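Notes follow the structure.
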Amino acid sequence: MTGSPLNGSLVIVGTGPGKPELMTPATQAALAEATDLVGYGPYLDRVPATKGQCRHASDNRVEIDRARHALALAASGRKVAVVSGGDPGVFAMAAAVFEAVESGDPAWRALDIRVEPGVTAMLAAAAEVGAPLGGDFCAISLSDNLKSWATIERRLKAAAEADFVIALYNPASKARPHQLGEAFTLLRGVKTGETPVLFVRAAGSGEAKVIATTLSEANGTHADMRTLVIVGASTTRQVGRWIYTPRGARP
Ligand code: SAH
């Protein structure tokens, strides 16, 4: 079954936020063509079965090991698809693969590697409520697994001072229950209490749950691992039942 090393390839695909309709045709084609799928179990479960395909499900914590495994499979001639939720380039597997290439076997640099984009959580979350990302915005992951909490605080403060809309990925997990509350405390020192804050859970899955509140009322315990938090800019506002940020500061 093992193909020639020259025919091996690796594609890192984004399966979008949850609904099958939000997966791109290019991602579907890449998944159907793969001989091997590598990814976190729940993401693999979203992929329809293709006959004869090997599935290598792994635990979510060991992204770099998963990336090395995928590269080794591709180097042995397999057509590998690494499966990521949302977009693979946003706090996900595409960067892990390139980190593994950088620190790994020099021969991996000659492999056929490509990335298929997907709908990232902040776009799906924004679409659930209107257009909160309509002006300048930034995305920050609150996870301090790969960077220090001091770095996260510095970036939050700078983003708030520059009046960006802020999309917060990885706002909370069982191991990190208090950080979102700490982030809100920090942001309250810079932004007004009326700033809109949105908690969007399971965006783009068909079962989204939205909590729209303000920075003064925002409660860090309202987020879990499937929640994307959007903190508005000074111009972010409500119109009817929608929340949006105008494209510019001028009226
Ligand atoms: N690559 C993914 C992000 C991985 S980081 C993407 O592009 O979407 C994981 C974080 O993404 C979660 O903790 C959560 O904050 C967010 N997330 C992923 N899917 C989500 C969804 N359907 N709804 C809301 N947030 C989601």
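Observations on the structure shown:
- If R0 equals 30 Å, the separation of the Cβ atoms of Ala72 and Gln28 corresponds to a calculated FRET efficiency of about 0.75.
- Taking the three principal axes of the alpha carbon atoms in the range 120-251, the coordinate ranges are 40, 34, 25 Å, sorted in descending order.
- Neighbour counts of C-beta atoms inside 10 Å place Leu133, Leu111 in the sequence Leu111, Leu133, starting with the fewest.
- Under 5 Å, built H, 5+ apart or other chain: amide partners of Gly135: Thr245
- Ranked by how many other Cβ atoms sit within 10 Å of their own Cβ, fewest first, the residues Lys157, Lys51, Lys191 fall in the order Lys51, Lys157, Lys191.
- With a cut-off of 11 Å between beta carbons, the residues surrounding Met93 carry a summed charge of -2, where Lys and Arg count +1 and Asp and Glu -1.
- Estimated D of the range 117-161 in µm² per second, where Rh is the Kirkwood radius over Cα pairs and Stokes-Einstein applies at 4 °C, 1.567 mPa s: 106
- Charge sum, other residues only, whose C-beta stays under 14 Å from Gly204's C-beta, Lys/Arg counted +1 and Asp/Glu -1: +1
- Calculated SAXS-style log₁₀ I(q)/I(0) at q = 0.26 Å⁻¹ - the range 185-251, Debye, Cα scatterers: -1.20
- Computed over the range 184-251: relative contact order in percent, which uses C-alpha pairs under 8 Å that are six or more apart: 32
- When restricted to Cα atoms, the range 64-129 yields an Rg and a Dmax of 13.6, 46 Å, respectively.
- Under the criterion of Cα pairs below 8 Å and six or more residues apart, the relative contact order for the chain equals 20 percent.
- Taking other C-beta atoms within 10 angstrom as a stand-in for reagent exposure, Leu198, Leu22 fall in the order Leu22, Leu198, fewest first.
- Size descriptors for the range 13-61, from the alpha-carbon set: Rg then Dmax equal 10.5, 28 Å.
- A straight line joining the Cα centroids of the range 77-145 and the range 200-251 runs 23 Å.
- A convex hull fitted to the Cα coordinates of the chain yields 132 cubic angstrom per residue.
- Leu228 sits among other residues whose Cβ lies under 13 Å from its own Cβ, and their net charge, with Lys and Arg +1 and Asp and Glu -1, is 0.
- Of the two radii for the range 51-189, the radius of gyration is 1.03 times the Kirkwood radius, both from the alpha carbons; that is the Rg over Rh value.
- Backbone HN-Hα couplings from phi across the range 154-164 [Karplus 6.51/-1.76/1.60, Hz, Gly and Pro as x]: 4, 5, 4, 5, 5, 5, 5, 5, 7, 6, 6
A short reminder: the numbers here are calculations on the coordinates, not readings from a lab. Note that the coordinates shown come from a computational prediction; the quantities given were computed from them, not determined experimentally. Cβ: placed from backbone, ideal geometry, glycine included. Neighbour counts: every protein chain shown.
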